[in-house]
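The structure appears right after this line, and notes come after that.
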Amino acid sequence: MAGYGASGPYAHRAGYDAIAAAEAGLLHITGEKDGPPTRPGLGLTDMSTGLYLHGAILAALFARQQNGKGQKIDASLFESQVSLLSNVAMSWLNGGVEAQRWGTEHPSIVPYQAFQTKDSYIVLGATNDRQYQVLCRLMDRQDLAEDPLFASNDARVENRDKLMKTLKAIVRQKSTDKWLQILEGSGMPYGPINTVEKVFSHPQTDARGMVHNIPYSAASSGQIKVLGFPVKFSETRPQVRTAPPGLGEHTETTLSELGFTQHEVKEMRANQII
């Protein structure tokens, strides 16, 4: 895995998540509408490249099983991020439409974004006209449902600023928990913007086994918590079998598997190569 791949004019350049995110377009489309480029809170380009590589390794293993030939896999941060532009890329390539930053808003669906409540934030929306009618009913604002300026999604997109000013004022009147009670069972798309603490006290996190306790001698409690596997299999249960390796824990074993003798390993230690 490299920054720009094994060929091309930038092949010699080093790879960094933020640089690839900038040069391959992610930072151009991330941030508030009228604000500066904003980096995501995680190294998404790094992690996405790893996920692409994971699938590529499995595909290469399957190909080897079919034809008996192994092959080199060449993945890069830059190419992964270009691929992740997806619909934004297609709009440019086929329609010449330049992308812009939208914050949490959606460019073609209104309303569908984060709203500030009385005490925190919630994401909610109406992805079609029927849902918009339901949202207006839940907000006890039938006048907004009947207003021709907002009757269709196209009209709501055209009159986005006027509608959002009203909806934001409505949502700010109640707490997040109150809105969750109102929206429960409605079939609407909605969810609170949780802190990390709330993520790990979320009932779905526990129900889906997204946290595992494993033995770890370096921890004062004798164990550490690690994240579970996000994909479930009907027949094979993924397990976290071992703790993260300590620094140099498997160095000698790995070098031995590569054919180095114990004497050669000792010499490398003496020369501070390892």
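A few comments on the model shown:
- Overall form of segment 17-95 per C-alpha gyration tensor (a/c, 1.5; a/b vs b/c): prolate
- Nearest-ten-degree value, helix 44-67 long axis tilted from longest Cα axis of the chain: 60
- Inter-part distance, segment 173-190 to segment 65-86, computed on C-alpha centroids, equals 42 Å.
- Once backbone amide H atoms are built at 1.01 Å from N, VAL123 has PHE115, GLY191, ILE193 as its partners under 5 Å, excluding neighbours fewer than 5 places away on the same chain.
- A simple rule links phi to the HN-Hα coupling: the Karplus curve 6.51 cos²θ - 1.76 cosθ + 1.60 with θ = phi - 60°, which for segment 28-34 gives 5, 10, 10, x, 5, 3, 9 Hz, with x for Gly and Pro.
- C-alpha long axis of helix 129-138 to longest principal axis of the chain, angle in °: 70
- Inter-centroid distance (Cα atoms) of segment 232-271 relative to segment 130-157, Å: 60
- Burial ranking of peptide ranges 214-227, 33-46 (average Cβ count within 10 Å, highest at the top): 33-46, 214-227
- Computed 3J(HN,Hα) for segment 201-209, one whole-Hz value per residue from the Karplus formula 6.51 cos²θ - 1.76 cosθ + 1.60 where θ = phi - 60°, is 10, 6, x, 6, 4, 6, 5, 9, x, glycine and proline marked x.
- J(HN,Hα) series, segment 252-263, from Karplus relation 6.51 cos²θ - 1.76 cosθ + 1.60, nearest Hz, glycine and proline x: 5, 4, 5, 5, 5, 5, 7, x, 6, 7, 4, 5
- Exposure proxy ranking, count of Cβ atoms within 10 Å, fewest first, for PHE233, PHE115: PHE233, PHE115
- Note on LYS178: lysines with a C-alpha under 26 Å away, same-chain residues under 8 apart excluded, are LYS118, LYS162, LYS165, LYS168, LYS198.
Bear in mind these aren't lab numbers, they're just calculated from the coordinates by the rules spelled out. None of these values were measured; they are calculated from a predicted model. Positions of Cβ are backbone-derived with ideal geometry, glycine not excepted, and every protein chain shown enters the neighbour counts.
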